[in-house]
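The values are calculated or read from the model by the stated rules, or taken from the named source; none is laboratory data. Just so it is clear, the model here is predicted, and its values are computed rather than measured. With ideal geometry, Cβ positions are generated from the backbone for all residues, glycine too; neighbour counts draw on all protein chains shown.
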Amino acid sequence: MASVTLTSLHKTYPGGIQAVRNFCAQIANGELVVLVGPSGCGKSTLLRMIAGLEEISSGQIHIGDRLVNQVPPGDRDIAMVFQSNALYPHMTVRQNMGFGLKMRRTPKVAIAARVAKTAKMLSIESLLDRRPRELSGGQQQRVALGRAIVRDPAVFLFDEPLSNLDATLRSQMRSEIAALHKRLRATMIYVTHDQVEAMTLGDRLVLMKEGVVQQVGTPLEVYHHPANQFVATFIGSPAMNLFRGEIKQGQFHTPDGKGCWQVDRATEGPVVFGIRPEDLRPARDGEPVFAEARPTLTEHLGHEALVHLDMAGGSHLARVAVEVVRDLGEKFPVTLRSPSYHLFADNPEGLALQPTCEASSGRQGTVS
């Protein structure tokens, strides 16, 4: 296995379209890093640059101590698992898994041993003599994983490998990939737009938007200390509630004057105040009140419910226990689980304004 070092990577397409801007990251040996962001943010382009399938405009890619900018894809010692499993339809599972080793002129005995070992690891021994058309979607993706594993590469690259599977299979395959990483302790770079995959799989997350790194950190760091409005609303389901307003004399005030909360910040002026749905709840007698709320819709999810609230001049969400819903009136005071609020710069786009290598190699906290 090997580390991966990405230094000042840029990708500009004809016409001046910048897909990746000044991307820097240090991925440790044995680490699973997830590149996550909305469609078109540059994450798959970045993965293809690492694989050598996409030419870089500028910057450097090191796998271990080796600069691989000019190294052909087949010589980079990487294995890639795609969204489409790309299995050869005329070959059996055994032949598909061993094909890469065959192209490297690995002895047949060694190929057979490695295929058998990997098939056992993935619980697909009984499928080795079948062809892809005889397999389910989940089985096909296990074969694609097996084809990558038998090569024993320095780095595994995953480009949204579960997006074509149904919800149940996605959940099952997520667990299998996590267990596989724990067993192999392999260096893995995983691309997804699904925040659940990102949060459950990654040792660290790299959040991207419009080709720019927005934040790097562990899943819990990114969830509890989002660096900006984009991260706050992208990570977490449902998204964080945001209130525009300003700080006056140590208190946050919404523009309509209907929301107010004491904050630990001396600087006054415009800010965006964030609170996650699970940190909003009805206030009890004597508790500080953030705003008055009127419930407009309740989504029952079993042990909890999402309550849509008309509050402080907008529509917001609270995640509460089902027994709380029964006691809600037509209007009620809302409080916050203090100190669970977040303060963000009042940047209209809610993004990191400039791509910096410092931002993508460090761990950022709340912007205040």
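If ALA154 satisfies every condition in (1) among the small types (Gly, Ala, Ser); (2) in contact with an Asp or Glu (Cβ under 7 Å, 6 or more places away or on another chain); (3) within 30 Å of ASP310 (Cα to Cα) but one, which is the exception? Among (1) among the small types (Gly, Ala, Ser); (2) in contact with an Asp or Glu (Cβ under 7 Å, 6 or more places away or on another chain); (3) within 30 Å of ASP310 (Cα to Cα), the lone unmet condition for ALA154 is (3).
Take the conditions (1) within 30 Å of GLY37 (Cα to Cα); (2) outside any strand (DSSP E or B); (3) not acidic (Asp, Glu); ALA266 misses just one of them, which is (1). Kindly indicate the residue of region 24-38 that is aliphatic (A, V, I, L, M) and surrounded by 19 or more Cβ atoms within 10 Å (Cβ to Cβ) and also farthest from VAL212 (Cα to Cα) among those meeting that condition. Once the filter is applied, the top-ranked residue is LEU32. Residues GLY217, GLY202, GLY250: which one is of a type outside the set (Lys, Arg) and not assigned by TED's automatic domain parsing to the domain that holds LYS117? Checking each option against the conditions leaves just GLY250.
Restricting attention to region 230-258, and to residues there that are outside any loop (DSSP other than H, G, I, E, B) and polar (S, T, N, Q), which single residue is surrounded by the most Cβ atoms within 10 Å (Cβ to Cβ)?
Per the criteria, the residue is ASN241.
A quick yes/no check of all residues on (1) more than 28 Å from VAL216 (Cα to Cα); (2) modelled with pLDDT under 90; (3) loosely packed, with under 14 Cβ neighbours inside 10 Å; (4) β-branched (Val, Ile, Thr):
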{"residue": "PRO270", "(1), (2), (3), (4)": "no, no, yes, no"}
{"residue": "HIS308", "(1), (2), (3), (4)": "yes, no, no, no"}
{"residue": "ASP327", "(1), (2), (3), (4)": "yes, yes, yes, no"}
{"residue": "LYS331", "(1), (2), (3), (4)": "yes, no, yes, no"}
{"residue": "PRO339", "(1), (2), (3), (4)": "no, yes, yes, no"}
{"residue": "ALA352", "(1), (2), (3), (4)": "no, yes, no, no"}
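Checked against the criterion of being of a type outside the set (Val, Ile, Thr) and within 19 Å of GLY40 (Cα to Cα), the candidates GLU176, GLU210, GLU221, GLU134 yield just one match: GLU210. Region 279-353 holds strands (runs of 3 or more DSSP E) entirely within its bounds, and those carrying 2 or more residues that are acidic (Asp, Glu) and more than 20 Å from PHE234 (Cα to Cα) map to 291-300, 304-311. Taking each residue of region 114-130 that is in the same structural domain as VAL93 (by TED's automatic domain parsing) and looking for partners that are small (Gly, Ala, Ser) and at pLDDT 90 or above with beta-carbon atoms closer than 7 Å, six or more apart or interchain, yields VAL115/GLY98; THR118/GLY146; ALA119/GLY146; LEU122/GLY146; ILE124/GLY146; GLU125/ALA119; LEU128/ALA119. Residues that are surrounded by fewer than 14 Cβ atoms within 10 Å (Cβ to Cβ) and of a type in the set (Gly, Ala, Ser) within region 85-103 comprise just one, ALA86.
Would you tally the residues in region 51-102 being over 22 Å from ASN22 (Cα atoms) and among the acidic types (Asp, Glu)? Going through region 51-102 one residue at a time, the tally reaches 2. Being more than 24 Å from ILE235 (Cα to Cα) and touching a residue at least 40 places away in the same chain (Cβ under 8 Å) is a property that does not hold for ALA266.
Table: residues versus (1) assigned to a loop (DSSP other than H, G, I, E, B); (2) surrounded by 19 or more Cβ atoms within 10 Å (Cβ to Cβ).
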residue: MET1; (1), (2): yes, no
residue: THR5; (1), (2): no, no
residue: LEU9; (1), (2): no, yes
residue: GLY15; (1), (2): yes, no
residue: GLY40; (1), (2): yes, no
residue: ILE50; (1), (2): no, yes
residue: HIS62; (1), (2): no, no
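Identification of helices (runs of 4 or more DSSP H) wholly contained in region 70-155 with 3 or more residues that are closer than 18 Å to LEU169 by Cβ yields 137-149.
Out of the residues in region 156-193 that are of a type in the set (Ser, Thr, Tyr) and assigned to a helix (DSSP H, G or I), state the one that is surrounded by the fewest Cβ atoms within 10 Å (Cβ to Cβ). Selected residue: THR168.
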